[in-house]
Amino acid sequence: MKAAVFREYDKDPTKVIKIEDIDVPKIKPNEVLIKVESSAYNYNDLWAIWGEPVKTPLPHISGSDVAGTVVEAGDDVTKFKVGDRVVSHSNLSCRVCELCTSGREYDCKDRLVWGFQTGPLWGGFAQYTHLPEVNVAKLPENVSFDDASAMSMVGMTAWHMLVGRAKIKPGQTVLIMGGTSGVGMVGIQIAKLYNCNVIATAGNQQKMDTCLKLGADNVVNHREPDWYKKVRSMTKVEGGVDVVFEHVGKNVFPQEVSLLKMGGTLVATGATTGYDSTIDLRYLFFKGTNLLGSTQGTKAELEQVIHWTSKGKLKPLIYTTLPFSSMAEGHVMMAGAEQIGKIMTSPQKL
């Protein structure tokens with residue numbers, strides 16, 4: 001089979017990613033073999049190629065989001081059969097520890113992000129891949145492979161942030177940072193699904209317009225120095241923002257905290273501009289601020305996302321679908337961060 005493989009780390013994906021012929025994987029009794037019809041790029045694919053912030057196993061196949069068809073089922077598999085349309089749940093955990101059995105598999109001490117921390121040669125950028133039965137979900141016939149793979153990780157992550165962690169309620173004001181990012185585009189739609197007032201941020205006029213099309217009620221340019229003042233003005237009557245959806249990090253974190261109303265919540269899942277931020281602690285204790293961390297989500301949350309996608313209430317933005325032979329170009333594009341929406345590929349289309 002064909003797979004996108006790199007055997008060393010490099011800041012330039014074009015130097016190390018090669019389309020190679022490798023063996024179709026042999027599955028374990030609890031696994032299914034999937035013919036991959038669609039794969040979505042994620043920022044952790046770049047981290048894997050760079051070898052930072054963590055070293056991924058080499059040789060490596062990236063790709064944490066796939067959708068396709070089951071072509072083989074292990075002897076112990078009971079819920080899936082050959083021909084089933086499925087999507088990946090990329091959070092690999094032990095499923096037996098206290099955290100896992102209490103519904104917090106994303107906090108399992110043995111947790112691995114499939115396609116990022118797994119290997120060697122175990123990820124979604126390949127014509128065939130394998131996953132444990134517990135790490136795949138069935139797809140309704142009206143959800144395309146592209147929509148499923150584009151929504152899987154970012155949708156599950158955004159759902160877990162807003163619904164699982166921040167526990168949003170109708171009527172709240174939610175600030176979605178980076179509204180045209182993978183998680184941001186779904187975050188806007190989830191907040192609107194819950195009938196919230198949504199303020200989104202974006203870095204240029206085209207992206208701002210896209211946020212409005214996704215359902216945001218207002219949008220500001222976070223590249224402007226006074227962006228947070230505009231948000232504060234918008235929420236003055238309410239006393240601030242109820243929930244901040246955060247994944248940007250250092251450059252905006254202090255301002256985000258200052259925008260929260262009394263008892264407001266900031267939920268964070270990343271820090272693309274840096275980790276070493278600051279906070280005025282007075283906002284924390286005087287205002288009863290809730291600062292929540294969030295990572296990935298449960299399989300049940302992924303299934304909620306797929307359900308609402310099938311109902312037409314959630315829809316991914318897909319920027320482009322590249323031929324598999326152009327895998328490295330997609331990583332370069334993603335690093336530039338100028339695209340609006342998800343970058344996709346199909347390993348079956350060379």
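Throughout, read-outs are computed from the coordinates displayed, never taken from laboratory work. If you're wondering where the values come from, they're calculated on a predicted model, not measured in any experiment. For neighbour counting, all protein chains shown are included, and Cβ atoms are generated from backbone atoms with ideal geometry for every residue, glycine included.
The angle between the Cα long axis of helix 182-193 and the longest principal axis of the Cα atoms of the chain comes to about 60 degrees, rounded to the nearest 10. Between the helical axis of 327-336 and the longest alpha-carbon principal axis of the chain there is an angle of about 10 degrees.
For the options 77, 248, 96, a Gaussian network treatment of the chain with springs between C-alpha atoms closer than 10 Å singles out 96 as fluctuating the most.
Taking a ≥ b ≥ c as the square roots of the Cα gyration tensor eigenvalues, the stretch 156-293 comes out rounded, since a/c falls below 1.5. Listed by chain and number, the lysines whose alpha-carbon sits under 16 Å from that of residue 287, ignoring those within fewer than 8 places in the same chain, are 236, 261.
Could you tell me whether the stretch 150-217 comes out rounded, prolate or oblate from its Cα gyration tensor? Rule is a ≥ b ≥ c as square roots of the eigenvalues, rounded for a/c under 1.5, then prolate if a/b exceeds b/c, otherwise oblate. The shape class here is oblate.
Which aspartates and glutamates, if any, have their Cα less than 19 Å from the Cα of residue 213, not counting same-chain residues under 8 positions apart? Residue 213 reaches 147, 338.
Pairs of Cα atoms nearer than 8 Å and 6+ residues apart set the relative contact order; for the chain it is 18 percent.
Among the listed pairs 26/349; 2/315; 192/230; 79/342; 15/349, give every one whose C-alpha distance is greater than 26 Å. If you can, show how the numbers build up before the last one.
Details: 26/349 23 Å; 2/315 29 Å; 192/230 21 Å; 79/342 30 Å; 15/349 22 Å.
Result: 2/315; 79/342 exceed 26 Å.
Figure legend: label point modelled 7 angstrom from the Cα of residue 320 along Cα→Cβ; residues of the stretch 1-33 with amide N under 15 Å from it are 14.
For residue 139, the residues whose amide H sits under 5 Å from its own are 85, 86, 87, ignoring neighbours fewer than 5 places away on the same chain, with H placed 1.01 Å from N. Around the amide H of residue 321, modelled in the peptide plane, lie the amide H atoms of 344, all under 5 Å away and 5 or more residues distant in sequence or on another chain.
Straight-distance candidates among the aspartates and glutamates for linking to residue 250, with alpha-carbon spacing under 19 Å and chain neighbours fewer than 8 residues away dropped: 52, 224, 226, 276, 280. The mean sequence distance of close C-alpha pairs (under 8 Å, at least 6 residues apart), as a share of the length of the stretch 156-293, puts its relative contact order at 21 percent.
Taking Cα atoms only, the orientation of helix 299-310 departs from the longest principal axis of the chain by about 80 degrees. Placing a label point 7 Å from the Cα of residue 213 along the Cα-to-Cβ line, the residues of the stretch 150-182 whose backbone N sits under 20 Å from it are 150-151, 155, 176-182.
Would the stretch 238-337 count as rounded, prolate or oblate if I go by the C-alpha gyration tensor, calling it rounded below 1.5 in a/c and otherwise prolate when a/b exceeds b/c, oblate otherwise? Oblate shape, in that a/c is at least 1.5 and b/c is the bigger or equal ratio.
Model label sites at residue 339 and residue 141, defined 7 Å from Cα along the beta-carbon direction, differ in position by 3.1 nm.
Each label was represented as a point 7 Å from its Cα along the Cα-to-Cβ direction; for residue 277 and residue 295 these points are 1.7 nm apart. Across the stretch 277-282, computed HN-Hα scalar couplings (Karplus, 6.51 cos²θ - 1.76 cosθ + 1.60, θ = phi - 60°) run 8, 10, 8, 7, 5, 4 Hz from first to last residue, x flagging Gly and Pro.
I'd like the FRET efficiency for residue 76 and residue 22, computed as 1/(1 + (r/R0)^6) with the beta carbon distance as r and R0 of 30 Å, rounded to 0.05. Please report the intermediate quantities before stating the final value.
Working: r = 25 Å, r/R0 = 0.84.
Efficiency for this residue pair is about 0.75.
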